[in-house]
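The values are calculated or read from the model by the stated rules, or taken from the named source; none is laboratory data. Note that the structure is a prediction, hence the values are computed from the model and not measured. Backbone-built Cβ (ideal geometry, glycine too); neighbour counts: all protein chains shown.
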Amino acid sequence: MDPDELVQGCGRAAAALLRELLGDDLVAAYLIGSGALGGVSAVQSDVDVVAVCAAPLPGAVERGLAARLCELAMTWPLRGLEFVLYTRAAVADPARVPGWELNLTVGPRMDHHLSRDPVADPPHWFVLDLDILRGHGRTLAGPPPAEVVGPIPRRRVLEAVRASLLWHGEHEPNLSQSVLNACRGWRFTEEGGWSSKRDAAAWARPRTGDPALIDAALAVRAGDPAHPLDPARVAAFTRRVLERVERELGP
């Protein structure tokens, strides 16, 4: 099956489960990530789903939801599922530290992570996801995302881009992900819009002095292990993008 169609199908399965378990308490569900922006990689992509509920769920319902989503995601021929649950109020006016109810990652090729404390996980990922969701989310249930998710100030999004670049430099073992994340953040900084990692790489390639690094990152994302990335070149590229973001943010 085409990787994009596979992600869409997995997203619909997750939405069906949410409707079954939450009923009228489910306000909306959306695909984000490559499922919304395009450029799905059968090797590296996962299924990114954001759901919105009317109000905080009872603990037993929330635990049951997490358990059923884990069972579902473990059957998928992809890396797995990244799932975040918010209340309607939390996304209508996103806070600097977005107040989600449940953050779950699980899958055949992903480390399992389950959190109910927004302070425990880096907030920049959720700022970026909500900004992408508002403009590009693919609806699985409920109204269009711009009717549910409020706007986030550009400066706050740029601060989250900066934080993501720093996080990749300190924590991300997959250097291709660091390069492509930097490409996407760079393009957002210059043009104010989001694109897939593949399209952001195509945009960045003629604008950098190291196009071969971007070619190698795309090859790794496509599953070609014959293009190892030099950590020093990755760090230099990320540093140049970080400097551009810092200039945009100003003092």
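Worth a mention:
- Residue match in the stretch 160-172 (condition: under 30 Å from Val52 (Cβ atoms), part of a loop (DSSP other than H, G, I, E, B) and either in contact with a Phe, Trp or Tyr (Cβ under 7 Å, 6 or more places away or on another chain) or at pLDDT below 95 (or both)): yes
Residues checked against (1) within 20 Å of Val157 (Cβ to Cβ); (2) touching a residue at least 24 places away in the same chain (Cβ under 8 Å); (3) surrounded by fewer than 21 Cβ atoms within 10 Å (Cβ to Cβ); (4) in contact with a Pro (Cβ under 8 Å, 6 or more places away or on another chain):
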position	(1), (2), (3), (4)
Cys183	yes, yes, no, no
Ala204	yes, no, no, no
Asp210	no, yes, yes, no
Asp224	no, no, yes, no
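- In this structure, Asp4 does satisfy being part of a helix (DSSP H, G or I), of a type in the set (D, E, K, R) and surrounded by 15 or more Cβ atoms within 10 Å (Cβ to Cβ).
- The set of residues from the stretch 201-251 being among the small types (Gly, Ala, Ser) and over 14 Å from Arg187 (Cα atoms) comprises Gly209, Ala212, Ala216, Ala217, Ala219, Ala222, Gly223, Ala226, Ala232, Ala235, Ala236, Gly250.
- Within the stretch 231-247, residues that are surrounded by fewer than 16 Cβ atoms within 10 Å (Cβ to Cβ) reach partners that are outside any helix (DSSP H, G or I) with beta carbons closer than 9 Å, at six or more positions or on different chains, in the pairs Arg233/Asp210; Ala236/Asp210; Arg240/Thr208; Arg240/Gly209.
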